Structures are given as C-alpha cells and as structure tokens.
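Asks: Sharing a structure here in structure tokens format.
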Amino acid sequence: MSRRHAEEGDLVMAMNNVGRPTAAIANNGAAPTTFSGARGLLQPTSLIFETGSIDRTGVDLPPVKGVKTRLGGLARKSSTGNPGLSEPEAVRHYVRLSQRNYAIDLGMFPLGSCTMKHNARLNEKMARLPGFADVHPLQPVSTVQGALGVMDQLSHWLITLTGMKAVALSPKAGAHGELCGMLAIRAALDAQGQTHRRRVLVPESAHGTNPATAVQCGFIVDEIKAAPDGRVDLSDLKTKLGEDVAGIMLTNPNTCGLFERDIREIADLIHAAGGYFYCDGANFNAIAGRVRPGDLGVDAMHINLHKTFSTPHGGGGPGSGPTVLSDALAPFAPVPYVVTRADGSLDLVEHEADSDGEPFGRMVAFHGQMGMYTRALTYMLSHGADGIKQASEDAVLNANYVQACLKEHMSPAFDGVCMHEALFDDSWLEGTGVTTLDFAKAMIDEGYHPMTMYFPLVVHGAMLIEPTESESKASLDAFIASMTGLAKAAKAGDTTRFTGAPYHAPVKRLDETRAARKPVLKWAPPVEASKIAAE
Amino acid sequence: MTTKYTKDHEWVSVAGDIATCGITAYAADQLGDVVFVELPNIGRIVSQGDEVAVVESVKAASDVYAPVSGEVVDVNEALAEAPEGVNEAAESTGWFTKLKLTDPAELDALMDRAAYDSYLAGL
C-alpha cells in the first residue's frame, strides 16, 4: 500500500503514531514499595507537630513595636511548641487524616447498640439557618421566639410519640438523660418521705451506664438475672422486690436486640412494690411510632436524639438525651423548660421558684443542644408520624434479614426474630483459631466498620449487628456476602486472614493491651521519646 | 492449705486464719489480657459476696467478689504496675487480696477443685 499524502481540504485526521499499550502488563510479584511512602493516592501522614516548622507558619506578622511588657520577667522564654504550617499544609493534613477515617457517609456502619443511621442533609440545612445557628443563649426571649418554637414543637413530638406527660429537653446525651430520669425518681421518693428506698434493680444485660447512673444518684444496684431466652428473669425479679426498692432500670428492646415481652407485668410489679420504672430509651428507634412507652407503664425514659432521630454522633456529635416523664414524675422536671404565655408568646422558665412544679434543679447552663433540636425536629417533620413508624419497622426488617441470611453460617445468640439488631455468639468459631476480635478486624479489610463486639456481656464473644433502616437491600446483600465469605474462610482454616487482619487498612492491628497497660498520653519530640525508651 | 472456688470464678486459699484470694485461670482466660486491677484499701471489712476488687481487660471490666468474709490485711501491689501477672499466674502469684477470716464456716459451702472442674465442664 503506497503512502498517500494529505492534501489541502482532506478530512483525514493525523494518525497516532506514538502507539502505547494502555492495559497493565501482568505482574504477579508484590507491589513495589514507593519512594514517597504514599500508597497510590493515599498520602503519607505524620503528626502535625512532626509536620510543622515555625518558618512555614501561614500568618506572617511583623514584630510588634513600642510595646512595654508588664509581665515583670514572667514572660515565656521558650517556644510555645505550636506547629507552624502554611494554610495548604494545614488543610492537607486534616484532609489526609479524614481519608483514613470511616464514616456513615462512606459505607455501612453496623455498630450494634449505636444506631449509626444516615444523617439527612435536610437536617443540616435547617440547623444552619441563621435564625437558629446565630442566636445566643442569653438573647432576650422576645428575639428567639422561633428557636423556642422549635423546642416547644420538639417537646410536643416527643411527648406524643412516647405517651408521656412531660419532657426535659436539656440533658446532653443518653447517660445524662438517665441521670435526669433517676434524679426525678429520687426527688419524687424524697418528696413522699420514702428516703429508705435506695435499691435500684438493673438487669445484667444493661448498658453499663445504667448501674453507673444509679450509683451516681446515691442508689445501690441490685442485679437481675437474665432468663435463657435473653430477657429478664421474672422469678428473679420477684425475689428482689421489697420495701427498699426505688425502681428498676430496664432497656426495651434490650441490649440483646429482644423485646422484653413481660414489660407490662414488670411495670405492674415494680409499681405494686412502690418503685418507679426507668426505661433506657437507647433502643427506641426499634419501636418509635409503634409503641408508646407511656402505655407500657414507664415513668421516665431518655431518648437519644443522636440515635433515633438521626442527629450526628460518633465524633460528629454532640449527643442529646431529652428525658420524658410520666404524670407521677412530671412535677420534678428540671429547669429550664418552655411554656406558652396567655398572649400566645413562648417563654422559658429558668428558675425553680418560677415553676408551678417542684423541679429537682438544673442540669445544663443554658437550653441544651439547640442544634440537635433543630435537626431532630426536621427529621420528625420530614418523616411524619407514619414515616417514623416505617423507619422503625424497616430497621427491624433489615436486622431480621441480616440474621436470617447469616444464621446458617454464624450462630444467633437466641432463637426467634430479633428487633433492630441481630446478635450472634462465637460458638460457631469454636476450634477455628479465630476469635470475635480477629473476625472484626477482617471486616475492616472488607471495607466495613466492625460490628459491636463482646457486648452485651451476657453473650460469649458477642457480635452485635445493627444495620439500621438506612441500608437498601442491595447494600445489605453486599454486607451479607462479605460476612458469609469471611465465615466460610474461618471455618475452612484460612486463619491468617483473620489473625493478621487488617491487612489493607492504613493502620494495621493495634496492640490494645499495650496501649492500655502502657498508655502514651502526651506527644514528645522524637529525640525525647528515644531518651524515654532508653531509660 | 485448702483451696476453694466460687461460681463467680474466684479462688480462696486458706492458711491459718488468712485467706488468699484471686480469680481463677479460667476467669483470666475468659477476660483476655488484663490491663488494670483495682484493689481495696487495707483494713476494709468485707462480707462474703461483696465487691472487693475490679479487674479490667481489653474486653470488659468485671467486679471481683469476696469469696469469704473478713478484713483486708494485704493486697497484691505488684498487679498495679504489672496487671499481666493475672494472666501469667492467676492462681498463684496473680493473687488479689489476703483476708483475715471472720467466718471460716463459709468455706464449707464453696467448691473444691473437683467440684469446680465439673462446674466448668458444664458451662
């Protein structure tokens, strides 16, 4: 074929005569280490104190002239030790760290008991409206009627969903809400002159915060055994009742992901014995919109807005733990709270003397987590009562789907359907040389945040999986495929996949034992650190 | 010297009126690596079943109960600096407390080694 010369007006494109293969040439060897320390697009990072240098500080101010020191020789002579970085260096440092993080915005976060559900962006948009974001807690109430309106509406929703008389919005997290509820119980007992009632019954599957709260309030804790089906042992409860019982702290659904089906009887028993019923509402997300705790005989319950009502948590925080109270406990609700005046305006009752009840006191300096109130109310209004009910149902459905798909590969801790989380024990790992911890580490290699492990304590080697309603079936199927693959590998003797995991994470297996026994709590320059080691 | 065991996996070894107490090797194994041990003050009077110490591992924090009633006359200070001593020798040098017995008859109701072993086998 003779070469044809292009002529003017010819539409033939110039031929690419560079010619290069674009597919990778097969390489069966290990990936080479890099000169930079980066692994592809994952950049190397070091601590900000190791990165910084004073001569790279982003802000360059001239020396201040004509200032006479009044510190009388007490002025600091050494460097403050602050790292010096330019703005792009500071930004890159934190972006690189964020790339090593795991988040619900990145993938499924099946951390049981924590309810890592999606944080809707609409919530964020509302919380950033200047009328909510830019108000000051000390502003006159006449200038923050909208913000007080959010608190009032949120209170209405919480009272309606729980079937209770009143709500204290101010507690700032779940445990703080527990404290609020138990202080209300103590105040009610004291008001009746029942100061001898100081024993609180707590099931052995309880969150650790329950007994801690009771002790903090001056109660003593008496443990109730679990029945073989993972629920409260009613006969043990009956033997523990008595004249000195202040109340019971019960989680429902409980930490095994099971509904305490005897809850009405438990409530009646505790009331007949003269005590109050505190319900740990951490798992309200399984029943919200379907069951009203007030109908079950509950006297006080905290609600984790950061779980059930999708406000951020797990580092994105802060938490918020409003506590609903029954008719019996409502008069003891702490200040501040919102009231509607005769002219329809909203006001804040700030002082115990201004209350028509008997507030036990005040738990926070101001109103509580205002930003979380806005987000939670946004979630409620965007879902509606029917949507909240469906969210609860979908959370339960998703957990049961996971349990049903995994039960032939792993061992469910209890028979039957679960509520919003699926609990497995480690009996299926027996003889494999793989522990619950190893299995969790291998999940990191699969791209998942591990499930909650070794909790609840009543289940050996517990693995507690809470998918939440946020996950689609496709997402659950992908998770189940990974879990099934891992379970089969463990049983097939592929032990090193687990005992050395994680292999693919930016940071490998950490020595938790050494970190707990010999914690290094303060950064020291490398030179000093080596000196310390030498000593 | 007699050694007895509780259902909560404590052991108690008696010489004269002094009872040395600790957690069993089974308990230490179940807890995993022990990272912290909280011991009582010397002179504290405890009743059988009272919380007398706390043992914390990478998995969980657990109460340790007094297997018998008595006065705390000594504690194993070495565990404060080296809690791994519990994992290394739970039933000897990893002891927690020494109690001066107030009611030696309580020992009779506790399990001996054979009974404890069969109790473990049934778990």
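Every number here is computed from the coordinates shown, using simple stated rules; none is lab data. Note that the structure is predicted; figures quoted are calculated from it, not measured. Because the Cβ atoms are built from the backbone with ideal geometry, glycine has one as well, and the counts that use them run over all protein chains shown.
Asks: Would you be so kind as to identify all helices of chain A, as entire DSSP H runs, whose Cα atoms reach 20 Å or more along the helix's own axis and whose mean Kyte-Doolittle hydropathy is at least -1.0?
Replies: In chain A, the long hydrophobic H runs are A:145-162, A:174-191, A:370-406, A:473-491.
Asks: Another one. Report the local net charge at A:Thr57: Lys and Arg +1, Asp and Glu -1, summed over other residues whose C-beta lies under 14 Å from its C-beta.
Replies: Taking every other residue near A:Thr57 into account, the sum is -3.
Asks: For the residues A:Trp523, B:Trp11, A:Trp157, B:Trp95, what sequence is obtained by ranking on other C-beta atoms within 10 Å, fewest first?
Replies: Final ranking by Cβ density, sparse to dense: A:Trp523, A:Trp157, B:Trp95, B:Trp11.
Asks: Which residue, chosen from B:Thr3, B:Thr93, B:Ala61, occupies the Cα position most advanced towards the positive end of the dipole of region B:2-104, where the dipole is computed from +1 (Lys, Arg) and -1 (Asp, Glu) charges on Cβ about the Cα centre?
Replies: The Cα lying farthest towards the positive end belongs to B:Thr3.
Asks: How shielded is A:328-339 by partner chains, expressed as the average number of their Cβ atoms within 10 Å of its Cβ atoms?
Replies: Per residue, the number of nearby Cβ atoms from other chains is 0 on average.
Asks: How big, on average over all directions, is the shadow cast by the Cα convex hull of region A:308-383, in nm²?
Replies: Mean orientational projected area (region A:308-383, Cα hull): 6.7 nm².
Asks: Here's another thing I want to ask about it. As a test of the formula, what do you get for the protein assembly as shown when each DSSP H run with n ≥ 4 contributes -39,500 (n - 2.57) and the sum is divided by the residue count, at 222 nm and rounded to the nearest 500 deg cm²/dmol?
Replies: Roughly -9000 deg cm²/dmol at 222 nm, from the helical runs in the protein assembly as shown.
Asks: Working from the alpha-carbon coordinates of region A:42-153, get Rg over Rh, Rh being the Kirkwood radius.
Replies: 1.14
Asks: Starting from the eigenvalues of the Cα gyration tensor, five times each then square-rooted, give me the equivalent ellipsoid semi-axes of region A:388-513, largest first, whole Å.
Replies: Details: eigenvalues 118, 52, 37 Å².
Whole-Å semi-axes of the equivalent ellipsoid: 24, 16, 14.
Asks: Something else now. Count, for each residue of B:77-89, the Cβ atoms from other chains sitting within 10 Å of its Cβ, then give me the mean as a whole number.
Replies: Working: counts 0, 0, 0, 0, 1, 1, 3, 2, 0, 0, 1, 0, 0.
The shielding value for this peptide is 1.
Asks: Which entries in A:Lys407/A:Lys441; A:Lys117/A:Lys240; A:Lys225/B:Lys4 show an alpha-carbon gap greater than 26 Å?
Replies: Values: A:Lys407/A:Lys441 20 Å; A:Lys117/A:Lys240 38 Å; A:Lys225/B:Lys4 24 Å.
Table pairs above 26 Å Cα-Cα are A:Lys117/A:Lys240.
Asks: Taking amide H positions as placed in the peptide plane 1.01 Å from N, state which residues far from A:Ser411 in sequence (5 or more) or on other chains have amide H under 5 Å from it.
Replies: A:Asp425, A:Trp428
Asks: Then there is this: Could you tell me the ratio Rg/Rh of the protein assembly as shown? Both radii from Cα atoms, Rh via Kirkwood.
Replies: 1.04
Asks: Let me ask another. With N set to the number of residues, divide the alpha-carbon radius of gyration of region A:431-477 by 2.2 N^0.38 Å and report two decimals.
Replies: Numbers: Rg = 12.2 Å, N = 47, 2.2 N^0.38 = 9.5 Å.
Ratio of Rg to 2.2 N^0.38 Å for region A:431-477: 1.29.
Asks: What number, in percent, do you get for the relative contact order of region A:123-379 if the mean sequence gap of Cα pairs under 8 Å and at least 6 apart is divided by its residue count?
Replies: Values: 507 pairs, mean separation 72.4, N = 257.
Computed value for region A:123-379: 28 percent relative contact order.
Asks: Given +1 on the Cβ of Lys and Arg, -1 on the Cβ of Asp and Glu, and no further charges, what dipole in debye does the protein assembly as shown carry about its Cα centre, rounded to the nearest 20? Numbers along the way, then the final one.
Replies: On the way: 56 positive and 80 negative charges, 544 e Å.
So the magnitude is around 2620 debye.
Asks: I'd like to know which of A:His449, A:His460, A:Ala399 lies farthest towards the positive end of the charge dipole of region A:388-513, counting +1 on Cβ of Lys and Arg and -1 on Cβ of Asp and Glu.
Replies: Looking along the dipole axis, the top candidate is A:His449.
Asks: Hey, another quick one. So, by mean Cβ neighbours within 10 angstrom, what's the order for A:145-151, A:472-478 with the highest one leading?
Replies: A:145-151, A:472-478
Asks: With equal scatterers on the alpha carbons only and no solvent term, can you work out the Debye log10 of I(q)/I(0) for region A:195-284 at 0.12, 0.25 1/Å?
Replies: -0.30, -1.40
Asks: Give, as a single signed number, the net charge of other residues whose beta carbon lies under 12 Å from the beta carbon of A:Asn285, with Lys and Arg counted +1 and Asp and Glu -1.
Replies: For residues surrounding A:Asn285, the net value is -1.
Asks: Follow-up. Roughly speaking, what % of Cα-Cα pairs in region A:129-262 are separated by over 17 Å, rounded to a whole number?
Replies: Percentage above 17 Å: 68.
Asks: Tell me which of A:Phe360, A:His306, A:Val349 sits at the most positive position along the dipole axis of region A:297-360, charges placed on C-beta atoms (Lys, Arg +1; Asp, Glu -1).
Replies: Farthest along the dipole direction, towards plus: A:His306.
Asks: Once you charge only the Cβ atoms, +1 for Lys and Arg and -1 for Asp and Glu, what is the size of the charge dipole of region A:382-429 about its Cα centre, to the nearest 20 debye?
Replies: 100
Asks: While we're looking at this one, here's another question. Could you give the dipole magnitude of region B:9-60 about its Cα centre, charging the beta-carbon of Lys and Arg +1 and that of Asp and Glu -1, in debye to the nearest 20?
Replies: Its charge dipole is roughly 40 debye.
Asks: Taking K and R as +1 and D and E as -1, what net charge do the other residues with C-beta under 11 Å from the C-beta of A:Thr436 add up to?
Replies: So the surrounding residues net to -1.
Asks: Still on this structure: Could you check what % of the DSSP bridge pairs in region A:123-379 are antiparallel, to the nearest 5?
Replies: 40
Asks: Using mean Cβ contacts within 10 Å as the protection proxy, how do A:386-395, A:249-258, A:366-375, B:31-40 order, highest first?
Replies: Packing proxy ranking, top to bottom: A:249-258, A:366-375, B:31-40, A:386-395.
Asks: Within region A:52-131, report the trypsin sites (Lys or Arg not before Pro) that DSSP leaves as loop and that have at most 14 other Cβ atoms within 10 Å.
Replies: Here the trypsin sites (Lys or Arg not before Pro) that fit, given the DSSP loop and packing criteria, are A:Lys65, A:Lys68, A:Arg70, A:Arg76, A:Lys77, A:Arg100, A:Arg128.
Asks: Now for a different question. Could you please tell me the mean projected area of the C-alpha convex hull for region B:2-104, averaged over all directions and given in square nanometres to one decimal?
Replies: Spelled out: convex hull of the Cα atoms, projected over all directions, averaged, 5.5 nm².
Asks: Can you tell me the mean projection area, over all orientations, of the convex hull of region A:123-379's alpha carbons? Units nm², please. Please report the intermediate quantities before stating the final value.
Replies: Values: hull surface 53.9 nm².
Computing the convex hull of the Cα atoms and averaging its projections yields 13.5 nm².
Asks: Considering the alpha-carbon set of region A:119-193 alone, what are its Rg and its Dmax in angstrom?
Replies: Rg then Dmax for region A:119-193, in Å: 15.9, 50.
Asks: Could I ask something else about it? Per-residue Cβ counts within 10 Å, from other chains only, averaged over A:511-522: what number is that?
Replies: On the way: counts 2, 6, 9, 2, 2, 8, 9, 1, 1, 0, 0, 0.
Mean shielding by partner chains, rounded to a whole number: 3.
Asks: Which value does Rg/Rh take for region A:22-85 over its C-alpha atoms, Rh per Kirkwood?
Replies: 1.34
Asks: In whole Hz, what ³J(HN,Hα) sequence does region B:114-122 give by Karplus (6.51, -1.76, 1.60; θ = phi - 60°), x for Gly and Pro?
Replies: 5, 5, 5, 4, 6, 4, 4, 4, x
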